[in-house]
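Everything below concerns the one structure shown next.
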């Protein structure tokens with residue numbers, strides 16, 4: 001294997017790196033993927049519980065968080081959701097829509113997605129080197145020198161173009177690292193602050209026993225802060241809150257912030273109680289609430305609202321307390337579960353440093369950054385994969 005054999009070296013065999021290699025191959029270019037793990041697509045394989053939610057039908061720039069809200073527009077317009085659907089259909093993946101526009105393979109097997117890329121890389125003569133730990137990327141004259149270790153052996157390669165697609169910090173056991181961030185800093189490229197995103201939130205202190213006692217209860221809710229709201233299930237756990245709505249709001253949460261949970265969105269608990277009271281005032285509030293929540297949940301909230309009173313005996317103050325608890329349940333998380341439980345990383349390579357049209361570093365010709373390492377973070381539900389596919393495609397056009 002010689003450096004001259006390749007038009008570009010791609011560091012990272014995840015969603016962005018694999019798409020980049022394949023799209024470059026379609027253009028008659030040869031690439032080399034350097035992958036730390038024993039297989040490519042490790043994060044693809046575990047996503048969606050092994051089913052891989054590979055895009056979202058409702059993708060728009062509004063579904064992404066970045067210091068520059070406009071940066072993602074170019075890449076997402078160059079490679080659209082329709083392009084993703086068509087690409088995967090061409091190779092036998094029929095999309096099946098679940099909730100909120102989420103698209104999964106009809107087979108429900110993430111490995112089918114990865115197999116498409118490995119088969120195409122083989123057909124297009126794109127080379128993949130596994131079990132290799134890239135140590136350094138430096139500039140030598142007009143080339144980049146990439147140093148990696150494999151089986152105890154140090155290997156140096158040169159390339160005119162390098163694609164940094166090694167992901168972000170979440171799930172270190174999947175090979176995630178800060179290598180792209182370190183490389184950027186080494187080249188004087190600015191970073192934005194990073195944090196876990198799409199991550200469960202923890203509760204400590206006097207409220208901890210309430211949440212842990214409800215572990216396993218899932219409730220469809222509206223979770224909001226001053227900036228945004230999401231309607232999906234929340235899940236009580238022995239350490240706090242999880243579930244889709246919590247993961248979504250976590251990307252907009254910072255330590256010290258409070259979130260509000262509406263435990264009965266689209267309905268008005270006061271109106272419902274008044275209707276029931278007119279029919280059966282002797283019914284206890286606790287029995288009334290079991291039509292909306294589990295018995296375990298109703299028992300747990302009895303310390304906050306008078307579940308042992310019948311509806312007819314509820315006072316005006318009781319109504320206010322109940323309405324406040326059900327529709328405006330306040331939570332102040334102590335923290336989050338960290339990178340090993342996070343779906344993605346928030347922040348990364350500053351978008352000020354990259355061309356939005358090509359994803360090339362403005363100050364370093366031939367150096368590209370794509371996927372999770374860039375300061376573009378998607379919502380839960382296939383958006384981050386769509387961003388990764390788009391990045392891979394865009395960069396491939398420059399190779």
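The values are calculated or read from the model by the stated rules, or taken from the named source; none is laboratory data. Here the structure is a predicted model, which means the values were calculated and not measured. Don't worry about glycine lacking a Cβ; one is built from the backbone with ideal geometry, like all the others, and counts go over all protein chains shown.
Numbers below:
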quantity: Residue match in segment 204-215 (condition: surrounded by fewer than 16 Cβ atoms within 10 Å (Cβ to Cβ), in a loop (DSSP other than H, G, I, E, B) and modelled with pLDDT of 95 or more); calculated: no
quantity: Selected residue (criterion: nearest to residue 289 (Cα to Cα)) from residues of segment 226-254 that are touching a helix residue (DSSP H, G or I) at 6+ places or on another chain (Cβ under 8 Å) and part of a loop (DSSP other than H, G, I, E, B); calculated: 238
quantity: Filter result for the condition that a residue is crowded, with 21+ Cβ neighbours inside 10 Å, in the same structural domain as residue 349 (by TED's automatic domain parsing) and closer than 26 Å to residue 55 by Cβ, over 165, 184; calculated: 165
quantity: Residue in segment 90-100 that is in contact with a helix residue (DSSP H, G or I) (Cβ under 7 Å, 6 or more places away or on another chain), in contact (Cβ under 8 Å) with a residue 12 or more places away in the chain, more than 26 Å from residue 248 (Cα to Cα) and buried (at least 18 other Cβ atoms within 10 Å of the Cβ) present; calculated: yes
quantity: The lone exception for residue 223 - which of (1) out of contact with any helix residue (DSSP H, G or I) (no Cβ under 7 Å at 6 or more places or on another chain); (2) outside any loop (DSSP other than H, G, I, E, B); (3) without any contact (Cβ under 8 Å) to a residue 40 or more places away in the chain it fails; calculated: (1)
quantity: Residue match in segment 122-139 (condition: over 19 Å from residue 369 (Cα atoms), free of Cβ contacts under 8 Å to residues at least 12 places away in the same chain and assigned to a loop (DSSP other than H, G, I, E, B)); calculated: no
quantity: Residue in segment 77-86 that is crowded, with 16+ Cβ neighbours inside 10 Å, touching a strand residue (DSSP E or B) at 6+ places or on another chain (Cβ under 6 Å) and over 24 Å from residue 119 (Cβ atoms) present; calculated: no
